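The block underneath contains the structure these notes are about, expressed in C-alpha cells.
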Amino acid sequence: MSHFLWVEDFAGNTSQSATESVFGELLNNQTIPNNERAVKKLLNKNGILVKDTFMGGLNFVRNPQRLLSVDYVILDIDLIIESDVDIDENNYLPQILKDYYGYEPQPTNKTADERSFDKAKGQLMPVAGYQLYIELVMALGFPRDHILFCSNHAYEHEELRAAFKKARIEFPQPFSKDEKAKVQAWVKKRVEEPYSVLRRGILNVLDDIEGNANIDLAEPFKRDVPVNKDTFLEGLRFMLNSPRIPSEDKRQHLYRTLCDYLTKYFDRFSGRDLYRGKYKKNGFEIGVPKEYSIPLYFVRNWVAHNILNNPKSEFLAPDVGFLFTLVIKGMFDYSSIEGFKLLYNYPVVNDSDLQTCLIDLQKRHYSYSGQCEIFELIRLKGERNWNRNLSTEDFVAQMYASFLFCCVELKARTKVKPFTDNMIKREGSGYWVNLTYRIDYQRDNLFESLKSIAYHRLKERNF
C-alpha cells in the first residue's frame with residue numbers, strides 16, 4: 001500500500017475530525033480515537049506518517065532515507081513553528097527565515113535579534129506548508145502531483161498565489177478539509193495506483209530483508225559465483241529511488257529492466273535438473289522448490305535472447321509483483337505477497353477450474369507430439385529455430401503457465417507399446433509409456449495464493 005507523509009498541526013484539537021475528513025475511507029470505517037497520540041498510532045499502522053510542526057516536516061523531507069519511505073505528501077498550510085535547538089540541530093530555520101522572511105541576525109543585541117527572528121517566524125507560519133512544498137518540488141525534485149494541500153485556510157492566500165504567478169511557478173490547487181469527497185477521492189486514487197503499490201511493496205520487502213539478520217540467501221545462490229546480497233538489494237533501491245510514476249513507455253522499459261535485473265541469477269540452473277526440482281553444480285546437489293525457480297529460469301532466457309520485448313509480452317504492475325515475489329521466495333525463502341495485495345483482487349481458484357485451465361493450455365499451446373515434458377515445451381516456445389511466431393508470443397503468459405504446471409506431476413499409465421522400428425534403429429530398444437498429469441496438492445500457503453493469481457492473470461491476458 002502507498003505510504004503518506006501528513007504534515008498537520010491538528011490546531012484546536014481536531015485530530016479526530018481532520019483524520020476522518022482526509023483518511024476516513026482509507027481507514028475503512030475503523031474507529032478513530034479522540035486522542036492525538038492514539039490517532040497518530042492508528043495512522044502509522046496504516047502507512048500514514050504524521051508530523052505536526054513545520055520543523056518536523058522539514059527535518060523529514062530533508063532526510064533522503066525518510067523521504068524515500070513515503071510516496072505521497074499531504075500538507076496543511078498554517079503550521080506550528082518550533083525552533084528549539086533539539087528540533088533544529090541543523091540550524092535550518094534561521095537560514096530559511098533569513099533567506100525568505102526578512103530575518104536580520106543581531107549577534108550583539110539579543111533583544112533585537114529575538115524580535116527580528118519572531119517577526120520573520122510570524123510571517124512564515126501562515127504559509128509554512130507552501131515553504132515545504134517549495135523544498136519538496138524545487139530543491140528535492142519530488143513530483144508535484146504527489147502533493148496535496150489540505151487546509152481549513154485553503155482559499156486565504158491570494159497574495160501568495162500572486163507571488164507564485166510572478167515567479168512563474170504553478171500554484172498548487174488546495175482543498176479545504178470540508179471538501180471531504182474531493183480529498184478522499186484524491187487519497188483513494190493514490191492508494192490504489194498500481195505503480196505506487198508495486199514500488200512500495202518492493203521497498204518494504206527490501207526493508208524487511210535488510211532489517212532481519214535471519215533472512216539469508218538460499219543455498220544455490222551461495223554456490224559457484226555467490227550473489228552479493230547487499231549489492232543486489234541496493235541495485236533494486238536505485239531503480240526505484242523516485243516515487244514519480246513513469247509514462248507508459250518508460251514504465252514498460254522500467255518493468256522489463258526490473259525483470260532482467262531480478263532474474264539474472266537464475267541462469268545458474270540447468271533446465272533438465274530444475275524440471276525435477278534439483279540444483280546440481282560441481283558435484284553438489286540440492287533439492288529446490290521448482291515452482292519458484294522454473295518461471296524465472298524461463299524469463300531469464302527470454303530476456304537474455306531479447307525476445308521478451310514484443311507488444312504481446314508487455315508487463316503490468318501485477319506481473320512484476322508476481323515475478324518479484326517468486327524471486328524473493330526463490331533467493332531468500334521469504335514470502336512477500338502481502339505487500340502487493342491491492343494488485344490482486346481475485347477469488348481463490350478451485351481445483352475443477354484449475355484442471356480445466358491446465359487441460360485447455362495443454363491442448364492449445366503444448367500439444368507437440370514429439371515431446372511430453374511440459375516445461376521443455378514451454379522452453380522451446382522461446383527458441384527462434386523452433387517457434388516461428390516469436391513476435392506474437394505472450395511470454396508473460398508463458399511465465400504464468402510454467403508456474404501453474406508446477407501443480408502437476410507426470411504419472412505413467414500401465415498400458416505400454418513398443419517403439420516404432422525407426423525409433424528402435426535410432427535410439428535402441430525401448431517402449432512408449434502413456435503419461436497422465438496429476439495435480440499435486442502438497443504446496444505451501446504462498447503457492448496457493450500465487451496459483452490463483454496466475455490463473456486469473458492468464459484469463460485477463462486472454463491466453
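Every read-out reported here was derived from the displayed coordinates using simple, explicitly stated rules and does not represent laboratory data. Quick caveat: nothing in here was measured; it's all calculated off a predicted structure. In this analysis, Cβ positions are derived from the backbone assuming ideal geometry, glycine residues included, and neighbour counts consider all displayed protein chains.
General remarks:
- Relative contact order of the stretch 4-191, pairs being alpha-carbon contacts under 8 Å that are 6 or more residues apart, as %: 25
- Of K180/K250; K40/K98; K312/K459; K41/K180; K189/K229, those spanning more than 26 Å from alpha-carbon to alpha-carbon: K180/K250; K40/K98; K189/K229
- Each Lys and Arg contributes +1 and each Asp and Glu -1, all at the Cβ; summed about the Cα centre of the chain, the dipole is approximately 2380 debye.
- Helix 351-365 axis, angle to the chain major axis (alpha carbon atoms, nearest 10°): 70
- Cα-based helix-to-principal-axis angle, 294-304 vs the chain, degrees rounded to 10: 80
- Value of Rg to Rh for the stretch 4-191, rounded to two decimals, is 0.98; Kirkwood radius and Rg both from alpha-carbon coordinates.
- Toward the positive end of the charge dipole of the chain, with +1 on the Cβ of Lys and Arg and -1 on the Cβ of Asp and Glu, the farthest Cα among H3, N204, W386 is that of W386.
- Cβ-derived FRET efficiency at R0 41 Å, F171 paired with Y344, nearest 0.05: 0.60
- Packing-based exposure ordering (other Cβ within 10 Å, fewest first) of D99, D353, D9: D99, D353, D9
- Between N46 and A181, the distance separating the two model label sites (each 7 Å from Cα on the Cα→Cβ line) works out to 2.1 nm.
- Relative contact order, whole percent, for the stretch 1-79 stands at 53, derived from Cα pairs under 8 Å and 6 or more residues apart.
- Gain on full extension, evaluated as 0.36 nm per residue between K250 and Q362 minus their Cα-Cα distance, stands at 36.8 nm.
- Relative contact order computed over the chain (Cα-Cα under 8 Å; 6+ residues apart), in percent: 13
- Taking the average, over residues, of other Cβ atoms within 10 Å as the packing measure, peptides 287-300, 270-283 rank 287-300, 270-283 from highest down.
- Counting DSSP beta bridges with both ends in the chain, the antiparallel % (nearest 5): 50
- Rounded to the nearest 20 debye, the dipole size of the stretch 11-129 about its Cα centre is 200 debye, using +1 on the Cβ of Lys and Arg and -1 on the Cβ of Asp and Glu.
- Fully extending the segment from D113 to I134 would add 4.9 nm, taking 0.36 nm per residue of separation and subtracting the current Cα-Cα distance.
- Listed residue (P94, L79, P64) projecting farthest to the positive dipole end of the stretch 51-109, Cβ model: P64
- Here the residues M399, M125, ranked from fewest to most Cβ neighbours within 10 Å of their Cβ, fall in the order M125, M399.
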